[in-house]
1. Name the single residue, out of those in segment 87-106 being open to solvent by 60 Å² or more (accessible area, probe 1.4 Å) and in contact with an Asp or Glu (Cβ under 8 Å, 6 or more places away or on another chain), that is farthest from Asn237 (Cα to Cα).
2. Those residues that are modelled with pLDDT under 90 and open to solvent by less than 80 Å² (accessible area, probe 1.4 Å), I need them from segment 287-302; list them, please.
3. When you scan segment 269-286, do you find a residue that is closer than 19 Å to Gln116 by Cβ, within 21 Å of the chain's Cα centre (by Cα) and either open to solvent by 100 Å² or more (accessible area, probe 1.4 Å) or modelled with pLDDT under 85 (or both), even just one?
4. Inside segment 238-266, can you point out the residues that are closer than 22 Å to Gly136 by Cβ and open to solvent by 10 Å² or more (accessible area, probe 1.4 Å)?
5. Please verify whether Lys112 is in contact (Cβ under 8 Å) with a residue 24 or more places away in the chain and either outside any helix (DSSP H, G or I) or touching a His at 6+ places or on another chain (Cβ under 8 Å) (or both), treating the condition exactly as stated.
6. Can you list residue pairs whose Cβ atoms sit under 9 Å apart, with the first residue in segment 13-32 being surrounded by 16 or more Cβ atoms within 10 Å (Cβ to Cβ) and the second being among the hydroxyl-bearing types (Ser, Thr, Tyr)? Count only pairs 6 or more apart in sequence or on different chains.
Amino acid sequence: MAETEKRITLDNVDMRGFLGFNDENLRFLESRFTAAITVRGENILIRGSAEEVALLEKILKEMAFVLNTKGALLASDINTITELTLDGREVISTNDYDNIVLYTKSDVIKAKTPGQANYLLSARKNDICFAIGPAGTGKTYLAVAIAVASLKKGTVKKIVLARPAVEAGESLGFLPGDLREKIDPYLRPLYDALDDMLPFDKLKAYLEKGIIEIVPLAYMRGRTLNSAYVILDEAQNTTDTQMKMLLTRLGVNSKAIITGDITQIDLPAKTVSGLIKAQEILKNVDGVGFVYFDKGDVVRHRLVKDIIDAYEKFYDKKENR
C-alpha cells in the first residue's frame, strides 16, 4: 500500500504535557497504529497509509485541544479520543483546531468567519499582516490574541500595542488629568482585549515588567524592537510618515499586525492616510500580507452588520445622485 505523510504544527501547546512522561502518550499511539510518528519541537510528521495518517491527525489535534482546555492530558483522555475517532466521532473538527488562536481559562478564541480564518493564516505566514475592514470584524481582538499566543509559546519576548492618539471630535486638551490619563481612553480597547485573555495578576505583572507595552504611536519613534509582536491599531489615522516609522521599528525575530478601517479616518482634511498609502506601496513586498474584511465578518451584535449596511447604502445613494 502506498505511503503518504502529513506534517502538522501544534501552536500554543505544552509539548511536555502533550507527549507525556518519557513520551508515553506517543508510545500509546504507536502501539495502536502502524504509521510512524516523528516529533521535532512543535512539528509532528505522520507517515503511513492515507487512512491512518488522517486518523492520527485528528487524534493528535484533539489531544492538543483537550490538553489546552483542561490543562492536563490523561491516558484515559487519549484512549477515549482514540476510540471516538476510530468510531467516526470527533471532539472537534480538524478545521476548528486550525482556526484556534488562544486558549483562555474560560473560552477558546478562534476564527469564526472565513475572513477571520484567512486573517489567521496570513498572520502566521507573513511577518507583517495588514487587516483592513469595518468595525466589529475582530481585527484588533484577534491581533491581540495572536500576539498573546506567541508570547505564551515563547516565540516572542514582548508585545507592543500602539494606537495613534488622533482626536475624533474631542480635544485632548479638554480631557481631565495628566498626559497619561488623557491618552488612556484611546488605548482602552487594547486593555479590554488583554483583560479577556490573561488573568489579572499576570497581566499586571507583564505591564509592570514591560513585557506588554500599550503606548501611543508617537512613543515608538527611535526604537528598535527585537523578538517582539507589534500591533498598530486604528492605523487609518496614521500619516504616511508615521506608518513608515512604525514599520521600520521591527527588529530581529519580530512580527507586526496593522489594523484599520479606511471608512473611519479622523485625520485633518487633505491628509492622506498612511494605511491607504501602505496598500499601494507594499502590495508586492514578500512577507507582507493584506487581509480585507467586509460586513459578513462582523461578529458583534447582529445590529452592527445592519448599521454598516445602512451607512453603505446611504452614501452609495448620495454619490450616485
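1. The extreme case among them is Glu90.
2. Of everything in segment 287-302, those that are modelled with pLDDT under 90 and open to solvent by less than 80 Å² (accessible area, probe 1.4 Å) turn out to be Lys295, Gly296, Asp297, Val298, Val299.
3. Looking for residues that are closer than 19 Å to Gln116 by Cβ, within 21 Å of the chain's Cα centre (by Cα) and either open to solvent by 100 Å² or more (accessible area, probe 1.4 Å) or modelled with pLDDT under 85 (or both), one finds none in segment 269-286, hence no.
4. If the condition is that a residue be closer than 22 Å to Gly136 by Cβ and open to solvent by 10 Å² or more (accessible area, probe 1.4 Å), then Asp261, Ile262, Thr263, Gln264, Ile265, Asp266 are the ones that fit.
5. Answer is yes for this residue.
6. Close Cβ pairs (under 9 Å, with a partner that is among the hydroxyl-bearing types (Ser, Thr, Tyr)) amount to Leu29/Thr82; Arg32/Thr82.
The values are calculated or read from the model by the stated rules, or taken from the named source; none is laboratory data. All of these numbers come straight from a predicted model, not from anything done at the bench. Cβ: placed from backbone, ideal geometry, glycine included. Neighbour counts: every protein chain shown. Please note that ligands, DNA and RNA were not included when accessible areas were found on the heavy atoms of the full protein model with its side chains. Shrake-Rupley method; radii C 1.70, N 1.55, O 1.52, S 1.80 Å.
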